[in-house]
Amino acid sequence: MIRFPLENVAGELYVDGVSSLRLAEEFDTPLYVMSEEKIRMQYRRLKDALSNHVDRARVLYSAKANSNLAILRILHEEGAWLDVVSPGEVHLALRAGYRPDNILYTGTSVRDDELGYLLKEEVMINIDSTSQLRRLLRLGIPKLLSVRVNPMIGAGHHEHVVTAGEASKFGVWEGEALEAYKEAREGGVERFGIHMHIGSGIMSVEPYILASERLLKVAKEVHESLGVEFEFIDLGGGLGIPYRPDEDELNLEEFIKRLMSFIRERIKIHHLGEPEIWMEPGRFLVAEAGVLLTRVNTIKSTPTKSYAGVDAGFNTIMRPTLYGAYHHIIAAGKLDDPPVKEYDVVGPICESGDILAQGRRLPELAEGDIIAILCAGAYGHSMSSQYNSRPRPAEVLVKRGEYELIRRREGMEDLFRGQVIPERLRNPNRC
Ligand code: LLP
């Protein structure tokens, strides 16, 4: 698992040329460390792979994976557009300098005032239901609209992240899609795309092929019945990354080659013209760029187990608790030490589910050691919370031996922000 941006320098973990122990010392822990170069590399790998097989390809970054403004800026510089899911993400996207017509809003259970905001900001809108479409058209006409179709094939690393199929709350059913485009056309929409997102953490191309076959059948029907020319076909995000040391990386070239040749062929037989082909990954672009550093504060043994108690918990990184997700863990200052002991690595949250890793063979740990939780760049900080009244951690960006703070650590005052004590309950001495 020690590959770029990670490096073993005399037994110590470096992230793109920066000592992890030094970062932990200077910024304290828990600390998210992001590698700029790795993000750029992943973006270019995907963009190049797509461009090798289709004339017009576009990569949108799914901002929910990590919506730090500096990360959004890096991907903007690379030429990415954005997939966003809330007015807050639209706001961040605009703040980061993305043009409204480079932002695609894919929401679910969307309120009318959100729709109004999207129209005002003139972002592209991807609808999730006919209800949403009708409410939208009552408020105004979006410059470009697409329909998120549920192609009835879903996939993903956990049932919570499968976003298509019979049991999914997302998207418009195949049978309803034609009607949705018809209503949009009649309502005055002039520019269209079509979209699917089948799930997250997917390591094989088959579900994409099966799902896009159904998606493109819908596109064909809409094109034939209504004469709609699709400007883009968005195949969603979901590309998986290897979290475990024994897991193979997705063969990106092969994956994209197979998917794109299938798409090209279907576009041709269905006479769909020359739409751009879009993909909108989050995890693939940022997960491996991120490391979470946390410090061991407690070593505790029971007759059955050894625990390493650290200062990151499911308030800091929720994936292990929420999905039973595996994140590889290494002792950042003991990379050359033999793994001699099994530990449960546990956090400070007052719940039994606050376990970051179970039964991991690690070097003998001591209180004060720094532990690195790998592949934490996606859905790490963005899913963190203040549960148990713990301020959220800082984020640092590293690049070729240099480092910069990109999010300050929250302080105690951040825990009170927005709270109001009614006059009658005020403590005259303290607040
Ligand atoms: N597009 C749409 C419409 C989405 O809903 C998502 C993610 C993406 C793109 C990006 O998916 P990605 O390429 O990152 O897999 N918290 C979970 C993942 C939830 C994904 C939600 N939607 C996790 O930590 O595994």
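I need the full set of residues from region 101-118 which are away from the ligand (no atom under 14 Å from the Cβ), open to solvent by 10 Å² or more (accessible area, probe 1.4 Å) and touching a strand residue (DSSP E or B) at 6+ places or on another chain (Cβ under 8 Å), in order please.
Listed by number, the residues that qualify are ASP101, ASN102.
Which condition breaks for TRP81 when tested against (1) open to solvent by 40 Å² or more (accessible area, probe 1.4 Å); (2) more than 15 Å from the chain's Cα centre (by Cα)?
All conditions are met except number (2).
Quick one: LEU137 ticks every box in (1) part of a helix (DSSP H, G or I); (2) open to solvent by 50 Å² or more (accessible area, probe 1.4 Å) bar one, so which box is it?
(2) is the only condition that LEU137 fails.
Could you tell me whether LEU60 is free of Cβ contacts under 8 Å to residues at least 40 places away in the same chain and within 15 Å of the chain's Cα centre (by Cα)?
In short, no.
Just for region 366-382: of the residues that are out of contact with any Gly (no Cβ under 9 Å at 6 or more places or on another chain) and surrounded by 20 or more Cβ atoms within 10 Å (Cβ to Cβ), which one is farthest from VAL33 (Cα to Cα)?
ILE371
One residue is enough: does region 297-317 have a residue meeting the conditions without any contact (Cβ under 8 Å) to a residue 60 or more places away in the chain, more than 14 Å from the ligand (Cβ to nearest atom) and closer than 30 Å to LEU397 by Cα?
Checking region 297-317: at least one residue is without any contact (Cβ under 8 Å) to a residue 60 or more places away in the chain, more than 14 Å from the ligand (Cβ to nearest atom) and closer than 30 Å to LEU397 by Cα.
Quick one: would you say VAL286 is more than 22 Å from the chain's Cα centre (by Cα) and either within 16 Å of the ligand (Cβ to nearest atom) or hydrophobic (A, V, I, L, M, F, W, C) (or both)?
no
State yes or no: is ARG258 among the basic types (Lys, Arg), away from the ligand (no atom under 16 Å from the Cβ) and either within 27 Å of VAL161 (Cα to Cα) or in contact with a Pro (Cβ under 9 Å, 6 or more places away or on another chain) (or both)?
yes
Out of ILE233, ILE256, I need the residue that is touching a residue at least 60 places away in the same chain (Cβ under 8 Å) and either in contact with an Asp or Glu (Cβ under 7 Å, 6 or more places away or on another chain) or on the phi < 0 side of the Ramachandran plot (or both). Which one?
ILE256
Looking only at residues in region 219-247 that are assigned to a helix (DSSP H, G or I) and open to solvent by 10 Å² or more (accessible area, probe 1.4 Å), which one is nearest to ILE263 (Cα to Cα)?
LYS220
Inspect region 204-211 for any residue being assigned to a strand (DSSP E or B) and not polar (S, T, N, Q) and give the result as yes or no.
no
Could you please find all residues in region 383-431 being among the acidic types (Asp, Glu) and open to solvent by less than 40 Å² (accessible area, probe 1.4 Å)?
GLU395, GLU410, ASP414
Which count do you get for residues in region 44-67 that are open to solvent by 10 Å² or more (accessible area, probe 1.4 Å) and within 15 Å of the ligand (Cβ to nearest atom)?
Of the residues in region 44-67, 5 are open to solvent by 10 Å² or more (accessible area, probe 1.4 Å) and within 15 Å of the ligand (Cβ to nearest atom).
For region 100-146, enumerate the residues that are among the hydrophobic types (A, V, I, L, M, F, W, C) and over 16 Å from SER62 (Cα atoms).
If the condition is that a residue be among the hydrophobic types (A, V, I, L, M, F, W, C) and over 16 Å from SER62 (Cα atoms), then VAL110, LEU115, LEU118, LEU119, ILE127, LEU133, LEU136, LEU137, LEU139, ILE141, LEU144, LEU145 are the ones that fit.
Tell me, yes or no, whether region 270-281 has at least one residue that is in a helix (DSSP H, G or I), in the same structural domain as ILE103 (by TED's automatic domain parsing) and open to solvent by 10 Å² or more (accessible area, probe 1.4 Å).
no
Quick check on GLY347: is it modelled with pLDDT of 95 or more, touching a Ser or Thr at 6+ places or on another chain (Cβ under 8 Å), under 26 Å from GLY201 (Cα atoms) and not acidic (Asp, Glu)?
So GLY347 passes the test.
Every residue, every condition in (1) part of a loop (DSSP other than H, G, I, E, B); (2) touching a residue at least 60 places away in the same chain (Cβ under 8 Å); (3) more than 28 Å from VAL161 (Cβ to Cβ); (4) among the small types (Gly, Ala, Ser), yes or no:
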site: PRO339; (1), (2), (3), (4): yes, no, yes, no
site: ASP344; (1), (2), (3), (4): no, no, no, no
site: GLY353; (1), (2), (3), (4): yes, no, no, yes
site: ALA378; (1), (2), (3), (4): yes, yes, no, yes
site: ASN388; (1), (2), (3), (4): yes, yes, no, no
site: GLU395; (1), (2), (3), (4): no, yes, no, no
site: ASP414; (1), (2), (3), (4): no, no, yes, no
site: ILE421; (1), (2), (3), (4): yes, no, yes, no
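Restricting attention to region 39-56, and to residues there that are out of contact with any Asp or Glu (no Cβ under 7 Å at 6 or more places or on another chain) and of a type in the set (A, V, I, L, M, F, W, C), which single residue is nearest to GLY237 (Cα to Cα)?
Going through the qualifying residues, I end up with LEU46.
Could you tell me whether GLU190 is acidic (Asp, Glu), open to solvent by 10 Å² or more (accessible area, probe 1.4 Å), part of a loop (DSSP other than H, G, I, E, B) and within 16 Å of the ligand (Cβ to nearest atom)?
no
The values are calculated or read from the model by the stated rules, or taken from the named source; none is laboratory data. A quick note: this is a predicted structure, and the numbers were derived from the prediction, not measured. No Cβ is skipped: glycine too gets one built from the backbone with ideal geometry, and neighbour counts run over all protein chains shown. Calculation scope for accessible area: heavy atoms of the full protein, side chains included, ligands and nucleic acids excluded. Shrake-Rupley method; radii C 1.70, N 1.55, O 1.52, S 1.80 Å.
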